[in-house]
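Right, one structure below, let's go through it.
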Amino acid sequence: MMQFEEMMDRIGSNNEVPERVWKKLDNVLNDLPDYEEELPFRRRGRQYAAAAAITVSMGTAFCVSNPALAAKIPFIGRIFEEVENKIPFSGDYSEKAVLLEQTAKEDEEGNLHAASGVAKTDAGITFTASEVYCDGLSVFLTAQIEVEQGGLENLPGHYIDGGDATAEMMYLRGEWNLPGGDARSLSNDNLEGKVIDDNTFVGMLKLDLEDYKSGGGGLSLRLSSIGWDDVTMADAESISESYRIEGQWDFDIPFSVDTESVKEIAVGQEGGGYTLEKVFVSPYQVVTYVDVPYEDREITREEYEALAAEKTGGTKDLGITYEEYVEEAGKVYPFWNTVICNQDGEILFSNPEDVGKTVAAVDGKEISALHIFVFDDADADLEIEKSRLGNGTVDMKRAEETAVVSAEVEVK
Amino acid sequence: MDILVRKAKKHDKEAFGQLIKMYTPSMYKAAKAILKNDEDTADAIQETVLTCWEKIGTLKKDKYFKTWLIRILINHCNQIYRERSRNISEVRLPEEGSMEENFAAVEWKEFLQCLDEKYRIVTILYYVEGFKIREIAQILDISEKTVSGRLATARDRMEKQYMREKPSAVIYQMNLKRKEMLL
């Protein structure tokens, strides 16, 4: 057996690609068609009223205790417990989460059905919101999805950061906002969790707030489509979202903020025009804010009008004013990326979000201090991310040498 | 890596180019395991790059870029393979090769000749590219059981072939050494 594996090792270590293959590759890379980058238009002018109460009185509706509903919808009320260690941004939520008040309606045969306040059905899909938690940085919402047509057992699993654990995912599209806030699109915000049976999925949705929020609020969530993958589908180019069901599932969900969990740490470390301003640390995530220098780009009214004509087919109504467009697109930012490690040099997997903001998952790592590196050069950043040594830690000495800003932040 | 993917998703040509070049050896091995010749392999890679460039905005999770890329590649390879099977009268020129082939290159040829395409591809994806069985099942649209079965069969056949042919490989090495001594 060893000989076979040794042979495969040798084949694997030979990275020679023939010249003619490289030549064809270079030809196609030199001739790639251009695509225009989608600019992030923020919608304005759609303000929403404060969240309404979620219990809905419907004739014979009444509050029931969990055991009664459990017979019909067994996972409601304990979805955090079911998925919290199996998803990105894993952690112990179940003890802190608030169970959404469930009401039920009794039909003529005396059967219980989940509430219309937290459960909505459209297009053959029932979306039931279960629990909510907010650490001031994100709102975490669990939900159960029931799909009449079935097929969820073909949902492929995806490996989550770090280990052999897998999670499944359902794709959500629509909008959400907090009271008085702008509507924000659900783009990469998915329900991550697990398939229960061919018709049922449970998972958690994480919605990142723009800024730290200390007071309670209400989440207004308006879903317009629910999608999922199917591993049996032959169309490999659409590796995700084999099915997408359009519909309407609207919710108003109140929540309070767990202010005891989050620590805000002012940093103010500068370098090369970049400033690491502050860090937020919660049991589930670390969020860093960097002030990234930018250059102003002149945008003429003619450019704005030409873009509006192109994008709207001549109606010239982009939905935002010229001044708002200049505010959005008139700043040119250079490369930036923030790498966040704990005291042992273990990297926290992260994604940059809005300019200067990076959100990283704690995923159960111990954090007594953070080493934060801000890079203004993609090669230096890539070098550090690839430098992960055999034990999963980065070369922090090298990171300090090549980062434009580096800071050590005590957390405990 | 994630940064390159993020930039490529915004249709940054330089980042996309870097990303593709990093994965070209992987694409080459996987495509050659199916198609066996460099010309078709180059075509498959070319088509894959164009498809990726067009569709990269639809990639949901950046870290699954490689899985996604290889899946697209396999589809293009299968397409070319089917087209080639229909044109059986087409004459294929012999592959250009180096006279001084190394041992790994010899083993690679043995590997290509010894196994059917469906066993070669799972072997390459598992042993060389390091994909897990579940990922291979997704890439090839087959069940995990089928992947495991094919891997076991591939190993069995290669073990027998390799054990039988090892003496000739050893002789090849001995001949090389003898040549060096003479020179």
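All of the numbers you see were taken from the coordinates with simple rules; none came from a lab. What you see is a predicted model; the values in this text were computed from it and never measured. Note: ideal-geometry Cβ built from the backbone for every residue, glycine included; neighbour counts use all protein chains shown.
Taking the Cβ of each residue in A:THR393, A:THR300 as the centre, tally the other Cβ atoms inside 10 Å and list the residues starting with the fewest.
Result, fewest neighbours first: A:THR300, A:THR393.
If you take each beta carbon of peptide A:22-31 and count the beta carbons of other chains within 10 angstrom, what is the mean?
Shielding by partners across A:22-31 averages 5.
In Å, the Kirkwood hydrodynamic radius of region B:1-93 over pairs of distinct alpha carbons?
With all distinct Cα pairs of region B:1-93 included, I get 13.7 Å.
Other chains near B:126-135: what is the mean number of their Cβ atoms within 10 Å of each residue's Cβ?
Partner-chain Cβ atoms within 10 Å, mean over residues of B:126-135: 3.
Each residue of region B:151-159 in turn: what ³J(HN,Hα) in whole Hz from Karplus with 6.51, -1.76, 1.60 and θ = phi - 60°, glycine and Pro shown as x?
These are the phi-based 3J(HN,Hα) values: 5, 5, 5, 4, 4, 4, 5, 5, 4 Hz.
Going down the list A:LYS386/B:LYS63; A:LYS412/B:LYS63; A:LYS278/B:LYS61; A:LYS357/B:LYS66; B:LYS61/B:LYS118; B:LYS9/B:LYS63, which pairs span over 24 Å between their C-alpha atoms?
Beyond 24 Å: A:LYS412/B:LYS63; A:LYS278/B:LYS61; A:LYS357/B:LYS66; B:LYS61/B:LYS118.
Sort the following peptides by mean Cβ neighbour count (other Cβ atoms within 10 Å, averaged over residues), highest first: B:4-11, B:132-139.
Answer by packing, highest mean first, reads B:132-139, B:4-11.
Quick one: which residues, 5+ away or cross-chain, put their amide H under 5 Å from the amide H of A:TRP249? H built at 1.01 Å from N.
Under 5 Å from the amide H of A:TRP249 lie the amide H atoms of A:LEU223, each far enough along the sequence or on another chain.
What is the set of long-range amide H partners of A:LYS278 at a cut-off below 5 Å, with H atoms built 1.01 Å from backbone N?
Residues meeting the criterion, in which the H sits 1.01 Å from N, are A:VAL267, A:GLY268, A:TYR289.
In terms of modelled amide H atoms, which long-range or inter-chain residues lie less than 5 Å from the amide H of A:ASN190?
Those lying under 5 Å, H to H, from A:ASN190 are A:LYS206.
In what sequence do A:PHE280, A:PHE373 fall when counting other Cβ within 10 Å, fewest first?
A:PHE280, A:PHE373
Could you tell me which of the pairs B:LYS36/B:LYS109; A:LYS96/A:LYS213; A:LYS206/B:LYS7; A:LYS86/B:LYS132 are separated by over 21 angstrom between their Cα atoms in the structure shown?
Pairs exceeding the cut-off: A:LYS206/B:LYS7.
In whole angstrom, how far apart do the alpha carbon centroids of region A:257-283 and region A:11-34 sit?
Answer, in whole Å: 44.
For A:GLU298, A:GLU324, which order do you get if you count the other beta carbons within 10 Å of each Cβ and list the fewest first?
A:GLU298, A:GLU324
Taking θ as phi - 60°, what are the ³J(HN,Hα) couplings along region B:17-30 by the Karplus curve (6.51, -1.76, 1.60), each to the nearest whole Hz, with x for Gly and Pro?
x, 4, 4, 5, 5, 4, 9, 4, x, 5, 5, 4, 5, 5
Could you work out how far apart the two model spin labels at B:GLU144 and A:LYS23 are, taking each label as a point 7 Å from the Cα in the direction of the beta carbon, and quote it in nm?
If labels sit at B:GLU144 and A:LYS23, their model points lie 4.5 nm apart.
For A:GLN149 paired with B:GLN113, estimate the spin-label separation in nm (one decimal), with each label point 7 Å from Cα along the Cα-to-Cβ line.
5.0
Roughly how crowded by other chains is peptide B:40-50, in terms of the mean Cβ count from those chains within 10 Å of each of its Cβ atoms?
Partner-chain Cβ atoms within 10 Å, mean over residues of B:40-50: 4.
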